[in-house]
1. Can you figure out the FRET efficiency of Ser265 with Lys139, using R₀ = 30 Å and their beta-carbon distance, to the nearest 0.05?
2. For a 18 Å ceiling on Cα separation, which of these pairs sit above it: Lys22/Lys310; Lys3/Lys319; Lys353/Lys415; Lys116/Lys442; Lys310/Lys387?
3. Under 16 Å from a label point 7 Å along Cα→Cβ of Lys172: give me every residue in segment 137-165 with its amide N that close.
4. What is the chain's relative contact order, in percent, from Cα pairs under 8 angstrom and six or more apart in sequence?
5. Can you tell me the FRET efficiency between Lys310 and Glu149 if r is taken as the Cβ-Cβ distance and R0 is 56 Å, rounded to the nearest 0.05?
6. Can you tell me how much longer the chain between Asp108 and Glu281 gets when fully stretched, taken as 0.36 nm per residue apart minus their C-alpha distance, in nm with one decimal?
7. Spin-label point model (7 Å from Cα, Cβ direction): what's the Lys397 to Glu34 distance in nm?
8. In terms of the ratio Rg/(2.2 N^0.38 Å) built on C-alpha atoms, what value belongs to the chain?
Amino acid sequence: MFKKVLIANRGEIAARVIRTCKEMGIETVAVYSEADEDSLHVKAADESYLIGPPRVNESYLNIDRIIDIAQASGAEAVHPGYGLLSENASFVKRCEEAGLVFIGPESDVIAKMGSKIESRKMMNRVGIPIVPGIDYPLKNIEEAITVAEEIGYPIMLKASAGGGGIGMQIVKEPKELEKAFEGNQKRATNYFGDGAMFIEKYVANPRHIEIQVLADNKQNTVYLWERECSIQRRHQKVLEEAPSSFLDEETRAKMGEAAVRAAKSIGYSNAGTIEFLVDEEKNFYFLEMNTRLQVEHPVTEEITGLDLVKEQLNIAFGKELSFTQSDITRVGHAIEVRIYAEDPKTFFPSPGKITNLELPEGENIRHELAVNNLSTVTPFYDPMIAKLIVKGSTREKAIDEMKKALDEYIVEGIKTNIPMLKNVIKHEAFLNGDTTINFVEKHL
């Protein structure tokens, strides 16, 4: 196994990766910006190195600096976490050229799946259902208007290189399209360096359900069931659960088999996620592939008993999967909520100093933390400060565990979205499993 791994990330996911590395006897190297000098991941790692000023472009996205530190520290491999450089094919290529093992798929695979347009084409070729739409970038607003009229409103305008809801907008009528096209193209260019836009038909009242896959370097590929991630604000997830209360076993198996077929078709290795939209009749459509570990991976770990970071490390080292599809069990129900430093009414970030942090405790409760008492939440990064995960033998029991845990979760000094999460978990529609991606807009 690797002797030393650099974690090219920050916050709770960096601390999460470090924890598994320690359990496996692997030394860890952390990188940090000037704003993160006192962060938990820095304290948890065996070694830590300053990479630059607070802004991500000068620190966590500084590829040259990260590669230099990895080589100087003697790290053999780099774990990217999620976000930041995790799906940056150029970074992966640089790791490969520097003789560093990237803990994830190869650079050419990431490049293929990084374009939503190209990934739609590939999935269509191997028989994975896709949402009706176009498979080429729009030249201008005039072409967008023509395509939208052909597809029929409402439509979903999307950035090909987008992620996290950036560059994506529902357009319900023609008069909205020109402003939406211009604004989202500009955002996509600023965030991703790629302003290519395309259009899909808007699927009414869908659910966002994703399949976790693992694949080794010998193309042994399995799916680890599904996660339902339909509770979202601004197209970003806030609550995830596994398994989905909506799927029947037949649909679940079909989606899992489709995800495996998709991964094999592109020669995928390591952990990845195939995301689907599922309509009211349980028809499912390919949405995108995330070529990395997901924020919500803990709920999969809780129902399968697997450590996905450990599996990532084993695969990257060249080991074959130690289990087959028939070995993967599904026990109980798990729910994760993302705790953000933000105003629960406006969703605007709420940076500041945490003056008091009290966490719920129990054998069915798991925490993934980026902060502790007296931590300062800066305005430079994503406002997610923690994840709370609970497990129960049934969905009903998991919900009860989450209700109690949220009532006992205390964060003072900053605003958080905990009041909103309490409203979600107690809402009749959520209790009944009526969790489409319109939940927040419709009920809250």
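Laboratory data are not the source of any read-out in this text; all were calculated from the coordinates shown. Computed from a prediction, not measured in an experiment: that's the story for all the values here. Heads up, the Cβs are rebuilt from the backbone with ideal geometry, glycines too, and the neighbour counts pull from every protein chain shown.
1. Details: r = 29 Å, r/R0 = 0.97.
Once rounded, the FRET efficiency stands at 0.55.
2. Details: Lys22/Lys310 11 Å; Lys3/Lys319 15 Å; Lys353/Lys415 10 Å; Lys116/Lys442 28 Å; Lys310/Lys387 20 Å.
Beyond 18 Å: Lys116/Lys442; Lys310/Lys387.
3. Output list for this probe position: 153-157.
4. Values: 961 pairs, mean separation 62.1, N = 444.
Result for the chain is 14 percent.
5. On the way: r = 51 Å, r/R0 = 0.91.
The formula returns an efficiency of 0.65 here.
6. Values: separation 173, 0.36 × 173 = 62.28 nm, distance 3.57 nm.
Full-extension gain reported as 58.7 nm.
7. Those two pseudo-labels are separated by 5.2 nm.
8. Values: Rg = 21.0 Å, N = 444, 2.2 N^0.38 = 22.3 Å.
This ratio for the chain stands at 0.94.
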